[in-house]
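To start, the structure itself, in structure tokens.
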Amino acid sequence: MHGSRHEQHVLQTLGEQRTEKYLTQMGNHAGRALTLYRWDLQLSAALWNLLSVFEIVLRNKICKAIDEWSDEQEPQSNKNWIEHPTCNVSFPLSKVSQQIANRALGKARNAKGIRDNGTGLVEGTHPRKGQPINRDDIIAQVTLTQWKEAFFYRKPTIRPDGTRKYYPNETTYTNLKSVYKEITSRALSSGPKSISPDRASFIMHHAVLLRNRISRQESLIDIDCSIYRKEIFELLNCLDPNVLQYFSASDPLPEILKNDPRSK
């Protein structure tokens, strides 16, 4: 390995398995490998910011679509479905409300305990100490994976014998298809162009994989991040073009991609 002792020490501290690919792509030079590592961190940070905005807009738009759909039902479907997922929730939302709400409610209770006990990051008494859990508290605990699994569906494929393979099974597929038609499609209707359910599901699948990869501090240097940026923009444009326009104007990712140290 080339480079100073200090640079080599930093690489060793980060871990041989983690830094091996950086060394390989930068001529086995510790200093250049660290430059590539720092660039990878910038890449991850920029994509994480984009995914965070995307996730917030997605959940807000889906929740708004649920409220609108609930008002249209006869009798009205329970708009407080996230707190009471089995109480007067109409089909098809009733088919996914429990799988979303139960896990999120548990996390919201834990968060309330931290607020009330003063063991969180806020110094002193939390401004919401002692206040009951509300709908937004629970919604905030729903993961991007849960939004994908409950509001998007993938069309079946044809097996070699001519039969259909459903994802994950025919019953779930049928329910999710109804959820998408009644709720998700409404949330994705703000843009100038429509998007097919399969395309939307495809992008959500990639968004979840990308988010999970970044959260585990896995490398992005072997991934064409510009492709996934375009995909997220495509779905964000369906959710709200104004939000896309605002954040894309200051998105640092294109400049970061231009500064790939491997091209210098």
(request) Compute the FRET efficiency between HIS205 and SER250 as 1/(1 + (r/R0)^6), taking r as their Cβ-Cβ distance and R0 = 30 Å, and round to the nearest 0.05. (result) 0.65
(message) Can you compute the label reach from MET1? Point 7 Å from Cα along the Cβ direction, backbone N cut-off under 16 Å, restricted to segment 21-39.
(response) 21-38
(message) Given axes a ≥ b ≥ c from the Cα gyration tensor, I'd like to know whether segment 123-264 is rounded (a/c under 1.5), prolate (a/b larger than b/c) or oblate.
(response) oblate
(message) To the nearest 20 Debye, how big is the dipole of the chain about its Cα centre, given +1 on the beta carbon of each Lys and Arg and -1 on that of each Asp and Glu?
(response) 360 debye
(message) Report the gain in length on full extension from LYS79 to ASP136: 0.36 nm times residue separation, minus Cα-Cα distance, nm rounded to one decimal.
(response) 19.3 nm
(request) Rank ASP136, ASP222, ASP116 by mean-square fluctuation in a GNM of the chain with C-alpha springs under 10 angstrom and give only the top-ranked residue. (result) ASP222
(message) Given the options SER97, ASN110, ASN134, identify the residue whose Cα lies farthest towards the positive end of the charge dipole of segment 53-171 (+1 on Cβ of Lys, Arg; -1 on Cβ of Asp, Glu).
(response) ASN110
(request) Work out which GluC sites (Glu not before Pro) in the chain are exposed loop sites (DSSP not H, G, I, E or B, at most 16 other Cβ within 10 Å) and give the longest gap free of them. (result) 1-122
(message) Let me check I've understood the local charge: for ARG164, count other residues with C-beta under 11 angstrom from its C-beta, Lys and Arg +1, Asp and Glu -1. What total comes out?
(response) +1
(request) Arrange ARG186, ARG199 by Cβ neighbour counts within 10 Å, fewest through most, would you? (result) ARG199, ARG186
(message) For segment 157-226 and segment 18-41, what is the centre-to-centre distance using only Cα atoms, to the nearest Å?
(response) 33 Å
(request) Take every Cα-Cα pair in segment 67-128 and report what % of them are more than 13 Å apart. (result) 65 percent
(message) Taking R0 as 30 Å, what FRET efficiency do you get between ARG38 and ASN117 from their Cβ-Cβ distance, rounded to the nearest 0.05?
(response) 0.20
(request) For the chain, just the Cα atoms, rotate onto the principal axes and tell me the three extents in Å, largest first. (result) 72, 61, 38
(request) Would you please give the FRET efficiency between ARG216 and GLN12, computed as 1/(1 + (r/R0)^6) with r the Cβ-Cβ distance and R0 = 22 Å, to the nearest 0.05? (result) 0.55
(request) Give the order of MET26, MET204, MET1 when sorted by the count of other beta carbons within 10 angstrom, beginning with the fewest. (result) MET1, MET26, MET204
(message) Could you tell me which residue out of MET26, PRO192, TYR153 lies farthest along the dipole of the chain toward its positive end? Charges go on the beta carbon: Lys and Arg +1, Asp and Glu -1, centred on the Cα centre.
(response) MET26
(request) Starting from the Cα coordinates of segment 1-115, work out the convex hull volume and express it per residue in Å³. (result) 164 Å³
(request) Figure the gain on full extension for THR163 and ASN102 (residue separation times 0.36 nm, minus the Cα-Cα span) and round it to one decimal in nm. (result) 18.5 nm
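Read-outs throughout are calculated quantities, based only on the coordinates presented, and are distinct from any laboratory measurement. Small disclaimer: the values here were computed from a predicted structure and weren't measured. For neighbour counting, all protein chains shown are included, and Cβ atoms are generated from backbone atoms with ideal geometry for every residue, glycine included.
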